[in-house]
1. The conditions are (1) open to solvent by 30 Å² or more (accessible area, probe 1.4 Å); (2) at pLDDT below 75; (3) not charged (D, E, K, R), and ALA87 fails exactly one of them. Which is it?
2. I'm checking my understanding of the structure. Among residues of segment 52-63 that are of a type in the set (D, E, K, R) and open to solvent by 40 Å² or more (accessible area, probe 1.4 Å), which one is modelled with the lowest pLDDT?
3. Quick test of your reading of the structure: ARG100 fulfils all but one of (1) of a type in the set (Lys, Arg); (2) modelled with pLDDT under 85; (3) open to solvent by 70 Å² or more (accessible area, probe 1.4 Å). Name the failing condition by number.
4. Restricting to segment 118-141, and then to whatever is modelled with pLDDT under 75, in contact with a Ser or Thr (Cβ under 7 Å, 6 or more places away or on another chain) and open to solvent by 90 Å² or more (accessible area, probe 1.4 Å), can you tell me which residue is farthest from PHE55 (Cα to Cα)?
5. Quick check: is even one residue across segment 64-72 exposed (fewer than 13 other Cβ atoms within 10 Å of the Cβ) and at pLDDT 90 or above?
6. Keeping to segment 8-51, report how many residues are open to solvent by less than 70 Å² (accessible area, probe 1.4 Å), at pLDDT 85 or above and assigned to a loop (DSSP other than H, G, I, E, B).
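The values are calculated or read from the model by the stated rules, or taken from the named source; none is laboratory data. Keep in mind it's a predicted model, so treat the numbers as computed, not measured. Note that each Cβ is placed from the backbone with ideal geometry, even for glycine, and that neighbours are counted across all protein chains shown. Quick note on the areas: whole protein, heavy atoms, side chains included, nothing else; ligands and nucleic acids left out. Shrake-Rupley method; radii C 1.70, N 1.55, O 1.52, S 1.80 Å.
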Amino acid sequence: MADIKLPSDIIDLIVSYATSAPAYDLSDWKEQLSLLAINSQWRALSKSYVLKTIFLSTVVDDNEDNDEVDEQGAELEIQSNISLIMAAHAQQMVQAMDIRIEGSGDITTYIKNAIELLCSHAKIWPNLNSLYINIMLDELDAGNSKESTEVIDFTKTH
């Protein structure tokens, strides 16, 4: 079967649409990553879309061996594509970090840890210019509604 080459602008539109929804877990991101495997033309055009965002998300984990448990007793797992992007040496392509927090635990702890991770690796993300935080709470209670006056200075690197 012969390779059919599409015009670059058509591939760009397809890839833009296919990556428009954020990937909040590894399976979603791997679906987007599969665009790189079509052929060299698609890989060249897709890299900037697929590798532009690092994500860090908490998801409820049914595994009883997990030591990190939120206040309601639900076990949490943190998923991220950071190590995979670093293994691909694609840090310079990253433009945004997307943090998604689900559950009913102390969200300020998760946000603080994610930002500390970001700051500790600030030099390896030279083009990172956007931070998105999505918080999906089961319910608002005293444990996750604390007001915080702490300001984090992004200009400092730890």
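1. Unmet for ALA87, out of (1) open to solvent by 30 Å² or more (accessible area, probe 1.4 Å); (2) at pLDDT below 75; (3) not charged (D, E, K, R): (2).
2. ASP62
3. (3)
4. The extreme case among them is GLU139.
5. The answer is no, given that none of the residues of segment 64-72 is exposed (fewer than 13 other Cβ atoms within 10 Å of the Cβ) and at pLDDT 90 or above.
6. 3
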